[in-house]
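Asker: Before I ask anything, here is the structure I am working with.
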Amino acid sequence: MGDDLKAILIRRIRAEGPMTLADYMATCLLHPQFGYYATRDPFGQSGDFITAPEISQMFGELVGLALAQSWIDQGSPSPFTLAEVGPGRGTLMADILRATKAVAGFHAAARIYLVEASETLKTVQAKTLNTANVSWVADVSSLPDAPLWLVANEFFDALPIRQFHRSESGWRERLVHVTENDDLGFGLATATDFADLAHRLDDTVVGDVVETCAPARGIISSIGQRINAFGGGALIIDYGDWHSLGDTFQAVRSHQPRDPFETPGLADLTAHVDFEALALAVPCAYSRVTPQGVFLERLGIVVRAQALAANLSGDGLENHVTAFQRLTHADEMGTLFKVMALYPHGAKPLAGVGV
Ligand code: SAH
């Protein structure tokens, strides 16, 4: 199957010339027949990678309570949109809904929306959530004009990026070429001025690579506009940092890093999230970028972990302790993953983030 997509890409490049990395990523991830997310459920031990909600129910529970607290802080508006972008298996939303059952009025007021591009994963989400009260949309711009509480976990890292190499003569885009051995590989376009990159001349030197993610800017700005206009809050959780520099494009298959051109459509392709670029694209207020470990500890993960541990023993207890460490420890997801919250100017920031 990977060979089929590779053949399609090679034919396309031969016919149309080298393609941007963004085109390559988008095709590999979302090609309707051979795309990574279109053909599989990649999560979990037996899949290619494991995400925080799949590691432990505690992650979604605490995220759910932070969203519900923010909804209460803003006067419990009804109805409101409870949305997730890139919901994977639907585990995070299921944990959010279970944890918020006891929050008076929250479920009655919530209109649940999942923003998902993959038909395969929509089917998985429908099974996990097993409720009629869910709508799917393909794009955040189709969300209702209403107060919006939203979560995105490991969504923005899947959006297509472009890469630019700073040369003596200007920015040279890294493009995907067909190599002499009929393989796929990187080449450099001729130097051009990119208006988008003018501000990166100050913090880069010749030889540096910078990345841009135009779809991320469009999506976050649409979310931020809704929060600004109607109220609400968002938690954006992903790996990356406030300011991105360098080549962060990576392929992962069966939990191992791979050559991103080896098996198009069969490996997950991601890039680190540039949170500064997201913050610059929203009209609403945004928090500081807070490490996931700190965020979860502020929300009370230690107490929640102890409560769950009280009913566990043997392997169950051991797995639970390992999961807690994976989510919070600095050597695991605790520091690499960051959380940024969006909220209306003048409103109380969401719990757990620094401001
Ligand atoms: N949030 C989940 C899954 C993260 S994987 C978790 O934490 O487990 C990325 C998710 O984003 C998948 O559901 C994928 O199908 C979806 N996705 C990727 N690109 C998308 C796009 N452009 N629009 C909507 N969904 C997208």
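Asker: Check off (1) touching a residue at least 12 places away in the same chain (Cβ under 8 Å); (2) surrounded by fewer than 18 Cβ atoms within 10 Å (Cβ to Cβ); (3) assigned to a strand (DSSP E or B) for residue 283 and give me the number that stays unchecked.
Answerer: Among (1) touching a residue at least 12 places away in the same chain (Cβ under 8 Å); (2) surrounded by fewer than 18 Cβ atoms within 10 Å (Cβ to Cβ); (3) assigned to a strand (DSSP E or B), the lone unmet condition for residue 283 is (3).
Asker: Sticking with this one: So, in region 139-176, of the ones that are touching a residue at least 60 places away in the same chain (Cβ under 8 Å) and aromatic (Phe, Trp, Tyr), which residue ends up farthest from the ligand (Cβ to nearest atom)?
Answerer: Residue satisfying both the conditions and the ranking: 149.
Asker: So for region 52-63 (the condition being within 16 Å of the ligand (Cβ to nearest atom), modelled with pLDDT of 95 or more and closer than 30 Å to residue 4 by Cβ), does at least one residue qualify?
Answerer: Taking region 52-63 as the starting set, the residues that turn out to be within 16 Å of the ligand (Cβ to nearest atom) are 52-63.
If we keep only those that are modelled with pLDDT of 95 or more as well, we get 52-63.
Remaining after also requiring closer than 30 Å to residue 4 by Cβ: 54.
Checking region 52-63: at least one residue is within 16 Å of the ligand (Cβ to nearest atom), modelled with pLDDT of 95 or more and closer than 30 Å to residue 4 by Cβ.
Asker: Please state which one of 193, 183, 202 is surrounded by fewer than 19 Cβ atoms within 10 Å (Cβ to Cβ), over 20 Å from residue 41 (Cα atoms), of a type outside the set (S, T, N, Q) and in contact (Cβ under 8 Å) with a residue 60 or more places away in the chain.
Answerer: Details: 193 fails: in contact (Cβ under 8 Å) with a residue 60 or more places away in the chain; 202 fails: in contact (Cβ under 8 Å) with a residue 60 or more places away in the chain.
The conditions single out 183.
Asker: Going by the structure shown, is residue 16 near the ligand (Cβ under 9 Å from one of its atoms) and modelled with pLDDT of 95 or more? Break it down into steps so the answer makes sense when it comes.
Answerer: Details: near the ligand (Cβ under 9 Å from one of its atoms): no; modelled with pLDDT of 95 or more: yes.
Here the answer is no, as residue 16 does not meet what is asked.
Asker: Being surrounded by fewer than 18 Cβ atoms within 10 Å (Cβ to Cβ), within 16 Å of the ligand (Cβ to nearest atom) and of a type outside the set (Ser, Thr, Tyr) is the requirement here; does residue 136 meet it? Walk me through it before giving the result.
Answerer: Working: surrounded by fewer than 18 Cβ atoms within 10 Å (Cβ to Cβ): yes; within 16 Å of the ligand (Cβ to nearest atom): yes; of a type outside the set (Ser, Thr, Tyr): yes.
Yes.
Asker: Taking the condition under 16 Å from residue 240 (Cβ atoms) and either outside any helix (DSSP H, G or I) or free of Cβ contacts under 8 Å to residues at least 40 places away in the same chain (or both), does residue 341 pass?
Answerer: Working: under 16 Å from residue 240 (Cβ atoms): yes; either outside any helix (DSSP H, G or I) or free of Cβ contacts under 8 Å to residues at least 40 places away in the same chain (or both): yes.
Judged against the criteria, residue 341 is a match.
Asker: Give region 19-34 a look and list any residue that's in contact with a helix residue (DSSP H, G or I) (Cβ under 9 Å, 6 or more places away or on another chain) and either part of a strand (DSSP E or B) or near the ligand (Cβ under 9 Å from one of its atoms) (or both), or say none.
Answerer: 19, 26, 29, 30 - these are the residues of region 19-34 that are in contact with a helix residue (DSSP H, G or I) (Cβ under 9 Å, 6 or more places away or on another chain) and either part of a strand (DSSP E or B) or near the ligand (Cβ under 9 Å from one of its atoms) (or both).
Asker: Next up: Name, by its number, the condition in (1) crowded, with 17+ Cβ neighbours inside 10 Å; (2) over 18 Å from the mean Cα position of the chain (by Cα); (3) of a type outside the set (Asp, Glu) that does not hold for residue 38.
Answerer: Here residue 38 clears every test but (2).
Asker: To continue, here is another question. Assigned to a helix (DSSP H, G or I), within 11 Å of the ligand (Cβ to nearest atom) and not hydroxyl-bearing (Ser, Thr, Tyr): does that describe residue 92?
Answerer: Values: assigned to a helix (DSSP H, G or I): yes; within 11 Å of the ligand (Cβ to nearest atom): yes; not hydroxyl-bearing (Ser, Thr, Tyr): yes.
Against the criterion (assigned to a helix (DSSP H, G or I), within 11 Å of the ligand (Cβ to nearest atom) and not hydroxyl-bearing (Ser, Thr, Tyr)), residue 92 qualifies.
Asker: Within region 96-125, track down each residue that is in a helix (DSSP H, G or I), within 13 Å of the ligand (Cβ to nearest atom) and not polar (S, T, N, Q).
Answerer: 96, 119, 121, 122, 124, listed by residue number.
The values are calculated or read from the model by the stated rules, or taken from the named source; none is laboratory data. From a predicted model like this one, the values you see are computed outputs, not experimental measurements. Every residue, glycine among them, receives a Cβ derived from its backbone with ideal geometry; neighbour counts consider all protein chains shown.
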